[in-house]
Each structure stands twice: as C-alpha cells, then as structure tokens.
Amino acid sequence: MHSAGISGNTSTLRGHSVVTLDDLSPQQIIELLRKAEYIDSHRRQVMHTCDGRILATLFYEPSTRTRLSFETAMLRLGGNVIGFAGAQLSSVSKGESISDTLKTVSNYADVVAIRHPKEGAALVASRAASVPVINAGDGGHMHPTQTLADLATLTSRFGRVNNLTVGLCGDLTFGRTVHSLISTLCRFGNVRFVLISPDELKTPQYVLDRINDTPSCSFVQTRDLVGVIGDLDVLYMTRVQKERFFNEDDYLRLRDTYILDEDKLRHAKPEMAVLHPLPRVNEIAVEVDNDPRAAYFEQVKNGMLMRMALESSVLGDELPGYEAWSGKEVYA
C-alpha cells in the first residue's frame, strides 16, 4: 500500500480510484489544491503531461458541465477521450452490467470517469476496473470532484477551507454536492454550518451526525435566508431538483422558496462568496452574476483545474516543473 502522506508529489495517488473524498487524506487534498494552482499559472508547461493517455467518460446520466470538464482536463494535459453520455447510447441498453462494462473499458483506457444514477455504482465500477476510476457523481450520494472544485474556490477566495461560516441553501435532502462538501469540510475542522432549507428538504441525519462528530464544527438549521445571510462567509446555493421529487405539486411549491437576488445580497458581507454547483434554474437571479461575490463561474474553472490535478495524479504523470515550484511555495 502507498502511504497516505505527501512527499512533494502525489505518487501516493498513482493507480488509486477516487469514489469518495474519504479515499484521500487531507494532505492529499491539499496537494491537489496546490497542483491545481500550479496548473493554472503554468498551462503551457503542463500541456504534454498526459501525452498518449486515454480517459473514458462513462456517463449513464445526462451531464454537460461535469463531462466536458473531465474531458477538457484530459485534453489540456495532452491526452485523449472516449466515452458516452447517456446509457441509451451504450450496451447498457442491451442489459450489460457495470462490472462487465468496466472490465471491457479497462482494456481501452488508462483512467475512467463514471456518473451513474444509482448510489454505490462508482464503488462497483472501481472494484471491477483494472485502471483508476473517478466518481463523477452517483445518485444522491457523492460527487467528490465537485467538492474539490468547491474547496479550490474557497482557497482562492479566502486562502483557507476552515475558520469559515458556511451557509448551504435549498435542497439539502437530495443535494449530493452539499453532503459531499459538509463531510469534507468537517475533516478540515473549524466550520460553522448554517443549513437553510424548507422543512421538506432538510439535511439528512447522517450528515448532521458527521457535523456533531466533529468537535470543532457546529450547525444551525433555519428556513430564513435573509435572517442569516449577514453572518455568512460563504453561501452555497443549490437547485431544487425536479427529478428528485415524486410529486410535482411539492416541487412547484418549493422551487421558488429561495431565490438569491441583489435585494437579499444587500444584507450580506461585502466579501461573502456565492457558490453554486450549477446548472442553476432560477435560484440565483442573473443580476447577481455581475456582483463580485458571485464565485460560481470561477468554480467551473477551478473544477477543470482540480480534475487536471486529479487525473494526472491517479495516472502517476508528474507535472513538468511542479517539484521546483512547490519547493518554493508556502501553503497553509
């Protein structure tokens, strides 16, 4: 087994799958954040890092941003991409199992990114594959690379991922990005969570347990966004997802409960960061896009950079010049 520690590179991640961020140590996450920062300022130097490598994107669920982000990341590193977007376009429509698909695709590709509507599908895939598998979202469960994008955005805005008051607003029951982010921030500690949702979409107990099990973290639950927005360093907005509802009336009633606009933002700190995993429907008014607190398109860029860092790391491909650069940097 590789050691979990970091010794100036992420060779510790070579050959490893990332199904949840619990598969990574906090040191490894910090190292990926550093690599992403390096990639951003050394784009030309890293453009041949993964020459000759192939990423397979197996997306059993519709996706624009996540799939294009994984693919762009590999292309910017010099590799190539194969895959499908939608199970109807693959042999799954003939009844092929995930395991068989992964055993097959392992012969074609060096690394796989998989998105699937069923929780646990990414774990099944990682056990069947002979190459590293990266979870690009499974059911309402985990979305580790979105969380890496979130952490990179917090780092670029605040220089840290802890000692923050983080508000999470909207669908806190089904939002896999929310569960993933809370769980990971608890590992770094010293975060005060403000959980803002209608009663029907409250945070699941197992997520609250994770906060309660972390002595330096705490939470409050509220339905009132305007009442708490002034306390927040970060406001993480989520869409109320129609596909997670059994009853359309419930969806229509709750959809517009929380819409962030300039009026509400007037109550917020000038340096508060507004995050959103995208796509948005109407939960953030377009007028907010021009506010300096809007960080969600920055999140998109950071997502690509973190996927570049992760893909190269699980492949064991070192970024040219990174060692020398990281030796000079001091990173909290």
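Identify all lysines with a Cα-Cα distance to K94 below 21 Å; exclude those on the same chain that are fewer than 8 residues away in sequence.
K103, K118
Go ahead and estimate [θ] at 222 nm for the chain from helices alone: -39,500 (n - 2.57) per DSSP H run with n ≥ 4, summed, over the residue count, rounded to 500. Provide the component values of the computation, followed by the final result.
Details: 12 runs with 123 residues, N = 332.
Computed mean residue ellipticity for the chain: -11000 deg cm²/dmol.
Pairs of Cα atoms under 8 Å, at least six residues apart: use those to get the relative contact order of the chain, whole percent. Could you put the intermediate results ahead of the total?
Working: 633 pairs, mean separation 71.3, N = 332.
It comes to 21 percent, rounded to a whole number.
Per 0.36 nm of contour for each residue apart, how much would the distance between V281 and K103 grow if the chain were fully extended, relative to their Cα-Cα spacing? Could the numbers behind the result be given before it?
On the way: separation 178, 0.36 × 178 = 64.08 nm, distance 3.73 nm.
That pair, V281 and K103, stretches by 60.3 nm at full extension.
Just report the Cα centroid separation between segment 233-255 and segment 133-178, whole Å.
17 Å
Non-local amide H neighbours of A273 (under 5 Å, H modeled in plane, Pro and chain starts lacking H): which ones?
Amide H to amide H, under 5 Å and 5 or more residues apart or across chains, A273 pairs with V234, L235.
In degrees from 0 to 90, rounded to the nearest 10, what is the angle of the helix 144-158 Cα long axis to the longest principal axis of the chain?
60 degrees
Compute the helix-to-body angle for 65-76: its Cα long axis versus the longest principal axis of the chain, expressed 0 to 90° and rounded to tens.
On a 0 to 90 degree scale, this one is about 40.
Of all accessible surface on the chain at a 1.4 Å probe, what whole percent is carbon and sulfur? The partial results should precede the final answer.
Numbers: 6950 of 14010 Å².
Reported share for carbon and sulfur atoms: 50 percent.
Cut-off under 29 Å on the C-alpha distance; same-chain residues fewer than 8 positions from K264 excluded. Which lysines are left, in chain and number order?
Excluding near neighbours in sequence, the set is K202, K242, K301.
Taking amide H positions as placed in the peptide plane 1.01 Å from N, state which residues far from A56 in sequence (5 or more) or on other chains have amide H under 5 Å from it.
The answer is I82, D110, V111, V112, A113.
Going 7 Å from the Cα of E96 in the Cα-to-Cβ direction, what parts of segment 63-82 have a backbone nitrogen less than 16 Å from that spot?
82
Out of all Cα-Cα pairs in segment 175-332, roughly what percent, to the nearest whole number, are more than 22 Å apart?
Summing the P(r) of segment 175-332 above 22 Å gives 53 percent of all pairs.
Which order, highest average first, do 215-225, 150-160 follow once you tally other Cβ atoms within 10 Å for each residue and take the mean per peptide?
Values: 215-225: 14.3, 150-160: 20.1.
The densest-packed peptide leads the list: 150-160, 215-225.
So if I place +1 on the C-beta of Lys and Arg and -1 on the C-beta of Asp and Glu, and nothing else carries charge, what would the dipole magnitude of segment 23-95 be about its Cα centre? I want it in debye, nearest 20. List each step's numbers first, then the result.
Details: 9 positive and 7 negative charges, 39 e Å.
The dipole magnitude comes to about 180 debye.
If you look at just the Cα atoms of the chain, how large are its Rg and its Dmax in Å?
Calculated on Cα positions, Rg and Dmax stand at 19.6, 58 Å.
The values are calculated or read from the model by the stated rules, or taken from the named source; none is laboratory data. Note that this is a predicted model, so its numbers are computed, not measured. As a convention, Cβ positions derive from the backbone with ideal geometry for all residues, glycine included, and neighbour counts pool all protein chains shown. Each accessible area value is taken on the protein alone, full model and side chains, heavy atoms only, with ligands, DNA and RNA left out. Shrake-Rupley method; radii C 1.70, N 1.55, O 1.52, S 1.80 Å.
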